[in-house]
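Just below is one structure, and these are the notes that go with it.
Quick note: the coordinates plus some simple rules give every number you see, no bench work behind them. If you're wondering where the values come from, they're calculated on a predicted model, not measured in any experiment. FYI the Cβ positions are ideal-geometry reconstructions off the backbone, even for glycines, and counts take in every protein chain you see.
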Amino acid sequence: MTDAVNVSGLKKRFGEVEAVAGISFSVRQGELFGFLGPNGAGKTTTINMLTGLARPDSGTFSIGGIDCLENPRGAQHLIGVVPDESNLYPELSGFDNLSFCGALYGMRKTEREARARELLDSFGLAGAGSRKFSGYSKGMKRKLTIAAGIMHSPGILFLDEPTTGIDVASARQVRALIQDLHDRGTTIFLTTHYIEEAERLCGRIAFIVSGRIVRTDTVENLLQPILKKHVVHITCESLAEGIREDLASSFQGLAFTLPQNSMIRAEADSPVPVGPVVRFLEEAGAVVLEARRIRPSLEDVFVEVTGIESNAMQSEKRNGGGR
Amino acid sequence: MNTLTAFWNIFVKDMRTYYLKPPNISWGLIFPLAWTGMFFLKSGSGLESIPSLLPGLVAISILFGTTSMLSVTVTFEKKNRSFERLLLAPISLKSLMLAKTGGAIVFGVVNAFIPVIMAAFFADISQLRLIVFLPAVFFIAVASTFLGLFIAVSVSEVFEAQTFSNFFRFPMIFLCGLFFPISRLPMLLRPVSYALPLTYGADMLHGSIGGGNAMPLLLDLALLILFCAALFAASLWNIKRKWIA
């Protein structure tokens, strides 16, 4: 079976900045493929090149078997795009926006109006269909933008940071909608800097950092090496200087890190002796607030593979919006 | 068929969203009226001067009607990124931009008839040769619209589009022979006049009323069409270079 998306040696430079540095990957038909990386890693530039909004400096790519360098607009009818910002027409109603987007793909009036009603209904926006897009909340705008991206029922959907900047409830709804689209057979290329989102939704993930793909694998394979690890997070009021070194010399076989201020992370191949570690800290003068066993996650893999500290991604989350 | 559906819907959306809005329609009516009044007051002449003023008024109405809206709407859509939706659609860039400019062309043509209708109430304009007037109006509208498009794709902010438009529009009022012949301009400025598309459109309009054209009408038409093609090609090239970079 032909890959839905096939990319080889794709490069893009903006002046001195190498935004995408020769990436190669493929997305299989029906797959939900995640493109995970921090802001400025090259995710949006990659999507722009794949969807025809930017020209690569070099490399090749095909969508649905169509060589997009030879025929840049040849695959446009196969794809749907949901950009990182809701970019529908503010002066049109939700219904008119969807209907207009359908018309851009040649849908006839009766067909596109029926489809618009169906989508408004299934996205929980039926009551707001006649309202102007400019009056929608951020979450509603995001949902309508996704609906617009699938108006023409594309086989391949590009989703750029779909939950950035929206509240927790809306983000949940959007994730459920993405999962539903995938269950119905749509191939999805999802870019995100939310690690949990990628872990929850994607079958395969590529980690992209500074324009380079550093690892591509299934979520299962990525998690395999760390599933046997035991991790404990201990939160204190404050930590004395050198405490990490003191812990390491007292508890052989345990690895200690300080992922955040006032937090100690203890990691081992066997269960972490929480009691003795907490007692040690208290005897050293620390006020322990909480000790929690943590299930190792994709975040740990990301940190290990990319070398980017998880708190760098965490701060992006805080700046980016609700979860 | 797909391209036709997309083309028609882009055109209709723009007409509904931008051109048929009350402020825009009132601008289309007030603007030619204000210019007519200004020239009457300035010249101190009577109603018999209306036919000689009409070509200039028609040209101004088209020029301002087309450029003021298109350059702003395209820049606005580019700025809020809704223009990306159009760029992602499976239609050629040429069809897309023709659809996008269609509304402005129609608006310009409609604007051209406002001074004509008003003039018909006050003066005898029976000498108007429609066979010359209609193509002149249409191609002035096309050239002005494509000039607006060229401006829109050359700037990134809405206010820049307005400033840049005026940079072209106001000199054209005086340099293109709308109200006095190019032969009365200083020698140094004449080459500039001949480099502007409105010069040929205005000459055709003068030719359509009382045969006051300075150049052969077919040459005017050919050069006007050439300007239209060049401005459209330059705009497409600019879009590819700047917006699909």
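Remarks
- For A:K109, the lysines whose Cα falls under 17 Å of its own Cα, not counting residues fewer than eight places away in the same chain, are B:K13.
- Binned Cα-Cα distances of chain A, short to long, each 20 Å bin given as a whole percent: 29, 49, 20, 2
- Pair A:E18, A:V287: separation of 7 Å Cα→Cβ label points (nm): 5.0
- The Cα trace of the stretch A:228-295 gives Rg and Dmax of 10.7, 32 Å, the first to one decimal, the second as a whole number.
- Close amide H contacts of A:G30 (hydrogens built in the peptide plane, cut-off under 5 Å, sequence separation of 5 or more or a different chain): A:T187.
- Counting only lysines at least 8 places from B:K240 when in the same chain, those with an alpha carbon closer than 22 Å to its own are A:K11, A:K12, A:K43, B:K78, B:K79, B:K94, B:K100.
- For the stretch B:104-120, 3J(HN,Hα) per residue [Karplus equation, 6.51 cos²θ - 1.76 cosθ + 1.60, θ = phi - 60°, Hz, x = Gly/Pro]: 5, 5, 4, 4, x, 5, 4, 4, 4, 7, 5, x, 5, 5, 5, 5, 4
- Label-point gap, in nm, between A:L227 and A:A176 - each point 7 angstrom along Cα→Cβ: 2.9
- Cα centroid separation - the stretch A:192-225 against the stretch B:132-208, whole Å: 57
- Shown is the FRET efficiency for B:A234 and B:A195, computed with R0 = 22 Å from the Cβ-Cβ distance and rounded to the nearest 0.05: 0.95.
- Note on the stretch A:9-167: Kirkwood radius taken over Cα pairs, Stokes-Einstein applied at 4 °C and 1.567 mPa s, translational D equal to 77 µm² s⁻¹.
- Per-residue Karplus couplings for the stretch A:153-167, computed as 6.51 cos²θ - 1.76 cosθ + 1.60 with θ equal to phi - 60°, are listed in order as 6, x, x, 10, 10, 9, 10, 9, 6, x, 10, 5, x, 10, 6 Hz, Gly and Pro entered as x.
- Computed from the alpha carbon atoms alone, the convex hull of the stretch B:2-242 holds 129 Å³ per residue.
- Gain upon complete extension [A:A126, A:S8; 0.36 nm per residue less C-alpha separation]: 38.3 nm
- Computed about the Cα centre, the dipole magnitude for the stretch A:123-164 is approximately 260 debye when only Lys and Arg (+1) and Asp and Glu (-1) carry charge, each at its Cβ.
- Only Lys, Arg (+1) and Asp, Glu (-1) charged, at Cβ; the protein assembly as shown dipole about Cα centre in debye: 1480
- Calculated FRET efficiency for the pair A:S297/A:D246, C-beta based, R₀ 25 Å, to 0.05: 0.35
- Evaluated over the stretch B:107-245, the Cα radius of gyration and Dmax, each in Å: 16.2, 55
- Adding -39500 (n - 2.57) for every DSSP H run of four residues or longer, then dividing by how many residues chain A holds, sets the calculated 222 nm ellipticity at -10000 deg cm²/dmol.
- Phi-based couplings in Hz for the stretch B:125-139 (Karplus 6.51, -1.76, 1.60; Gly and Pro marked x): 10, 5, 6, 4, 9, 4, 4, 9, 4, 4, x, 4, 4, 4, 6
- Among A:A148, A:A284, A:A21, the largest mean-square fluctuation in a Gaussian network model of chain A (Cα springs under 10 Å) belongs to A:A284.
- P(r) tail for the protein assembly as shown: Cα pairs beyond 35 Å make up 51% of the total.
- Förster radius 45 Å - calculated FRET efficiency between B:F121 and A:L69 (Cβ-Cβ, nearest 0.05): 0.15
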